[in-house]
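Worksheet for the structure shown next.
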Amino acid sequence: MAFVSAERPKRSHHSQRPLRLAALAAVLAFAGIGGAAPLQAQETVKIGFIGPLSGGNAQQGIAARNGFQLAIDQANAAGGLPFKIEPVILDDAANPQTGVAAALKLTNDPKVVAATGHWNSGVALATIPVFSRANVPFVVWGAISPKITEKNNPMVSRVVTTLVNTNAPLAKWAVGNIGKRIAIVSDTSDYGAANLANFKKFFEADGGTIVAAESAPVGTTDFRALLTKIKGENPDAIYFGGVVAEAGLVRQQMVQLGMNQPMIGVDGFYDPEFLKIAGSAANGTISGIAKEVGNAKLDAMTAAYQAANFAEPVGSYTKNAYDAANIIIEALKTAGIKDKAAIAKAIRGIEFDGAMGHTSFDENGQTKREVVLELREVKDGVWTTRQ
C-alpha cells in the first residue's frame, strides 16, 4: 500500500462526502464485496515447455511446441480460470546439457508451477533430477525410454507410451514377415541402448537371431565401416534404434553399399525430415508406431490448430504436448497453484479425455494407454500405411 501523508488539504463538507463514498467503494472492491470488480490484477502463473527447437530433431519439438501453445491460448481465451497462464518455451537442442540449463531456468522461477518436456530420452533423464529437487511437476510428452518412469518419481508423469510397447509387437511382426536374421544399429544414447536391448530381447524370444549389434555416438555421420562389417552377415533387415538425422544417413549409406534389405525401427525416425536426409534411399524403410485412434477431441484440436495458422503442419507429437498442457491445466483447477506436490498428485490421479484418447497414469506415472501397432513404410518418397 502506498504511503499517504498525514497532512491533507482541507475540503468543504460537501466535497468530503463523495470522497468518503469513493473510499468505501474502493475498500469493498478490494475485499471482493459488492458488485464492484476487484482492483487486484488477475494472478499470472507460468507453465514451461522444453523440446528440441533447433538442430536435426527440431521438427518434432516445434510441432509439439505448437500444440502446447495452442492449449495455453485456448485456456486463456476461454476464461473461467482464476489465473492467467504465461507459457515459457525453451529449447533443449536435443542435448542433455542444454536441457538441464533450460530446466534450471524454469525451476528457478517461482511463478513456474509445472512443465512439460522432451522428445529425447537422454535429455529427459538428465533434467528429471532437476525438476525432482525443485519439486516442480513435470509431464513428459515425447521421450520413451522405460527408465524415465520406472523409479516412480512422484513429480514425473508421462503421456506417451514407452519404446517397450512398440518394440514388442514390431519384433513379433518382423520374425513373421521380414525374416529371422536381423542386424541392429543404434546410437549410444539411453534411447538407442534401450531400443537395442528391448528389440533384441523380444526378437530372440519370438525365434529370431540378432546376427550383429553395432552402436555409434549421436552425431555420427559416416556409418559405412560399421555397415560394411554387417553386410558380410547378409541379414534379412537392419533394425535402427536411433532418431531422425542418423537414421537418414544410415539408410542412405546402406543403399550406397548395395544393402537393399529393408530398414526397420520404432517411431524415433518416423518423420518427414528422415525423407529429406535419406532421399530416394528412404524407400523401403518401415517404422512401427503407435496407431493413432481418431476421436472428436483430436478432430477439434486439428481444426483449432489449422485456424491458428501455425507456420508448421500438425506433427506426430502435437497432440502429445497439447494433452500434456491441458492435463497440467486441469490439475491446477483441482489443486490450485500454490502447492506443487498437490499439483503433481492431481496430475497422477487424472482421468483425461484428450486428443490422444483417454489418459490415466499407473503407480509410476506411466500412461496406461495400450498400443496398437501401425506400420508406416516409405513408398515413392512418402510415408504410407502398410497394409
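Per-structure values
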{"quantity": "Subset of LYS147/LYS201; LYS291/LYS319; LYS172/LYS297; LYS84/LYS291; LYS105/LYS297; LYS105/LYS276 violating a 24 Å alpha-carbon distance limit", "calculated": "LYS172/LYS297; LYS84/LYS291; LYS105/LYS297; LYS105/LYS276"}
{"quantity": "Cα gyration tensor, segment 191-237 - rounded (a/c under 1.5), prolate or oblate", "calculated": "oblate"}
{"quantity": "Of the DSSP H helices in the chain, those whose Cα atoms cover at least 15 Å axially and whose Kyte score averages -0.5 or more", "calculated": "13-31, 58-78, 96-107, 121-134, 163-177, 190-205, 244-256, 296-307, 318-335"}
{"quantity": "Cβ-based net charge around PHE49, under 14 Å, with every Lys or Arg adding one and every Asp or Glu removing one", "calculated": "-3"}
{"quantity": "Estimated 222 nm signal from helices in the chain, with DSSP H stretches of n ≥ 4 weighted -39500 (n - 2.57), rounded to 500", "calculated": "-13500 deg cm²/dmol"}
{"quantity": "Label-point separation in nm, THR44 to ALA205, each point 7 Å along Cα→Cβ", "calculated": "5.0"}
{"quantity": "Leading residue at positive end of dipole, the chain (Cβ point charges), from LEU104, VAL218, ALA94", "calculated": "LEU104"}
{"quantity": "Gyration tensor (alpha-carbon) shape descriptor, segment 78-140, a/c threshold 1.5", "calculated": "prolate"}
{"quantity": "Average Cα contact separation per residue, segment 311-370, under 8 Å, 6 or more apart, as relative contact order %", "calculated": "24"}
{"quantity": "Mean separation of Cα contacts under 8 Å (6+ apart) over length of the chain, as relative contact order %", "calculated": "18"}
{"quantity": "Inter-label distance for ASN177 and ASP362, nm, one decimal - labels placed 7 Å from Cα along Cα-to-Cβ", "calculated": "2.6"}
{"quantity": "Relative contact order %, segment 96-177, counting alpha carbon pairs below 8 Å whose residues are six or more apart", "calculated": "26"}
{"quantity": "Alpha carbon centroid spacing (whole Å) that separates segment 319-387 from segment 161-206", "calculated": "24"}
{"quantity": "Total formal charge among the other residues, if their Cβ is under 11 angstrom from that of MET356, Lys/Arg +1 and Asp/Glu -1", "calculated": "0"}
{"quantity": "Extreme residue, positive dipole direction of the chain, given options GLY55, GLY365, ASN165 (C-beta unit charges)", "calculated": "GLY365"}
{"quantity": "Mean Cβ neighbour count within 10 Å, used as a protection proxy, ranking 137-148, 351-362, 331-342 highest first", "calculated": "137-148, 351-362, 331-342"}
{"quantity": "Distance between segment 112-148 and segment 50-83 - C-alpha centres, whole angstrom", "calculated": "16"}
{"quantity": "Cα-based shape type of segment 271-314, given that a ≥ b ≥ c are square roots of the gyration tensor eigenvalues and the cut on a/c is 1.5", "calculated": "oblate"}
{"quantity": "Cβ-Cβ FRET estimate between ASN309 and GLN387, R0 fixed at 35 Å, reported to 0.05", "calculated": "0.50"}
{"quantity": "Contour excess over end-to-end distance, with Cα ends at GLU150 and LEU104 and 0.36 nm allotted per residue", "calculated": "14.3 nm"}
{"quantity": "Sum of side-chain charges, ILE144 neighbourhood, beta-carbon under 12 Å (Lys, Arg +1; Asp, Glu -1)", "calculated": "0"}
{"quantity": "Estimated D of segment 245-387 in µm² per second, where Rh is the Kirkwood radius over Cα pairs and Stokes-Einstein applies at 4 °C, 1.567 mPa s", "calculated": "74"}
{"quantity": "When the convex hull of its Cα atoms is projected in every direction, mean area for the chain (nm²)", "calculated": "23.6"}
{"quantity": "Principal axis box of segment 241-307, alpha-carbon based, largest edge first, Å", "calculated": "46, 21, 18"}
{"quantity": "Fraction of beta bridges assigned by DSSP in segment 236-387 that are antiparallel (%, nearest 5)", "calculated": "75"}
{"quantity": "Once the Cα gyration tensor of segment 193-287 is diagonalised, semi-axes √(5λ) in Å", "calculated": "20, 15, 13"}
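No value in this document is a laboratory result; all are computed from the given coordinates. Being a predicted model, the structure only gives us computed values, none of them experimental. Cβ atoms come from the backbone with ideal geometry, glycine included; neighbour counts cover every protein chain shown.
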